[in-house]
Amino acid sequence: MTVKLAILKSGEDIVADIKEMVVGEGEDKKVIGYFLTRPCGVSLSNQILKTDGVDQDSYKLKLFPWCPLTKDNVIPLTADWVVTIVEPIDKLKQMYEKEVLPSGNSESASVDYKGDSSESD
């Protein structure tokens, strides 16, 4: 399983188990798209919390079904719609693996994440 975060030309952030769609073999091999298994859109909202009079950044991550009107669990996506594919932060990956993959749950899920500028992912 390869859980990744894809940023699309539309500006959407999609987390999914992503596999390459390829044609050709050897040196002629070319990626023409991706297969997204149980893709979820990701929304991030920033909140400022006051703790002991000190402002703290806090983020709320929310997963929601991407392409919710299909029965398909695997959705093909052409490569020209993808801006980049990156490794998601640990909290997002754990949330996706726990809430979406085992159950196939298409309901929305959310988690609060306290940002820390010293954290490296």
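Any read-out appearing in this document is the output of simple, stated calculations on the displayed coordinates, not a laboratory observation. Worth saying up front: this structure is predicted, and the values here are computed from it rather than measured. Methodologically, a virtual Cβ is constructed for each residue, glycine included, from the backbone with ideal geometry; neighbour enumeration extends over all protein chains shown.
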Chain lengthening between V23 and M1 when straightened (0.36 nm per residue, less Cα-Cα)
5.8 nm
For I32, which sequence-distant residues (separation of 5 or more, or a different chain) have an amide H within less than 5 Å of its own amide H, given hydrogens modelled in the peptide plane?
M21, V22, V23
Based on the mean of other Cβ atoms within 10 Å per residue, sort peptides 58-69, 13-24 so the most packed one is first.
13-24, 58-69
Once you sort the root eigenvalues of the Cα gyration tensor of the stretch 1-100 as a ≥ b ≥ c, which label holds: rounded (a/c under 1.5), prolate (a/b larger than b/c) or oblate (the other case)?
prolate
Sorted by chain and number, the residues with a modelled amide H under 5 Å from that of Y59, at a separation of 5 or more or across chains, are Q47, Y113, K114, G115
Could you run the Karplus curve 6.51 cos²θ - 1.76 cosθ + 1.60 with θ = phi - 60° over the stretch 37-42 and give me ³J(HN,Hα) per residue in whole Hz, x for Gly and Pro?
8, 6, x, 10, x, 10
Cβ under 12 Å from Y34's Cβ, Y34 left aside: what net charge do those residues give with Lys, Arg +1 and Asp, Glu -1?
-1
Which lysines does K30 reach when only Cα atoms under 17 Å apart count, and residues fewer than 8 places away in its own chain are ignored?
K19
